1. Only residues that are surrounded by fewer than 19 Cβ atoms within 10 Å (Cβ to Cβ) and in a helix (DSSP H, G or I): list them for the stretch 13-34, please.
2. For Val44, all conditions in the list (1) out of contact with any Phe, Trp or Tyr (no Cβ under 7 Å at 6 or more places or on another chain); (2) under 13 Å from Arg125 (Cα atoms) hold save one; what is the number of the exception?
3. Taking the stretch 97-133 only, how many residues are over 30 Å from Lys56 (Cα atoms) and assigned to a helix (DSSP H, G or I)?
4. Scan the stretch 56-75 for residues that are surrounded by fewer than 19 Cβ atoms within 10 Å (Cβ to Cβ) and over 16 Å from Ile43 (Cα atoms) and jot them down.
5. Say whether the condition of being surrounded by 21 or more Cβ atoms within 10 Å (Cβ to Cβ), under 21 Å from Leu28 (Cα atoms) and at pLDDT below 95 is met by at least one residue in the stretch 94-107.
6. Do we have Glu112 as at pLDDT 95 or above and farther than 20 Å from Lys129 by Cα here?
7. Give Thr59, Thr88 a once-over and let me know the one that is assigned to a loop (DSSP other than H, G, I, E, B), in contact with a Phe, Trp or Tyr (Cβ under 9 Å, 6 or more places away or on another chain) and touching a residue at least 12 places away in the same chain (Cβ under 8 Å).
8. Given (1) surrounded by 19 or more Cβ atoms within 10 Å (Cβ to Cβ); (2) more than 14 Å from Glu119 (Cα to Cα); (3) aliphatic (A, V, I, L, M), identify the lone condition not met by Val44.
Amino acid sequence: MAESFDVNKTYRHWADTSDRDFLTMEHLYKSADYHWSLFIGHIVVEKLLKASVVKKTLTHAPFTHDLVRLAKLTDLEFSGEQLDWMDTITTFNLNTRYDNYRQQFFLKCTPEFTNNWIEKIKQLRSWIKERQC
């Protein structure tokens, strides 16, 4: 028997958990846990994109962390700059998740570097949320 799919419930799940993760990202940033704040920032954008994929396709979003791949599955028209940002933000997932990259990424996450990317994540988040309504 096929499982029923509730588009609105699934969309709300991705959008609402993205909002909660956004608060976590901000808390981590304020506590100077820079590499983890960027990791969660990636998740914030990923979940918003997955909400958009669900809204467009009326089915589950794919199992991927690749933000550019997800962006291309939405009906949103991202600029080249936004796609470049997403390509870089996707690396935050890999660099924090895997031990062989973690130390190098930790050292890269200065307050300036992190602030720059947190601001870009916030801009992407706002841009996507404005268009999901």
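The values are calculated or read from the model by the stated rules, or taken from the named source; none is laboratory data. Keep in mind that what you see is a predicted model, and the values were worked out from it rather than measured. A quick note on method: Cβ atoms are made from the backbone with ideal geometry, for glycine too, and the neighbour counts reach across all protein chains shown.
1. His13, Asp16, Thr17, Asp19, Arg20, Leu23, Thr24, Glu26, His27, Lys30 - these are the residues of the stretch 13-34 that are surrounded by fewer than 19 Cβ atoms within 10 Å (Cβ to Cβ) and in a helix (DSSP H, G or I).
2. Answer for Val44: the failing condition is (1).
3. We begin by selecting, within the stretch 97-133, every residue over 30 Å from Lys56 (Cα atoms); these are 98-116.
Then drop every residue that is not assigned to a helix (DSSP H, G or I), which leaves 99-108, 111-116.
So the count comes out to 16.
4. Lys56, Thr57, Leu58, Thr59, His60, Lys72, Leu73, Asp75
5. Checking the stretch 94-107: at least one residue is surrounded by 21 or more Cβ atoms within 10 Å (Cβ to Cβ), under 21 Å from Leu28 (Cα atoms) and at pLDDT below 95.
6. yes
7. Testing whether each residue is assigned to a loop (DSSP other than H, G, I, E, B), in contact with a Phe, Trp or Tyr (Cβ under 9 Å, 6 or more places away or on another chain) and touching a residue at least 12 places away in the same chain (Cβ under 8 Å) leaves just Thr59.
8. Single failed check for Val44: (2).
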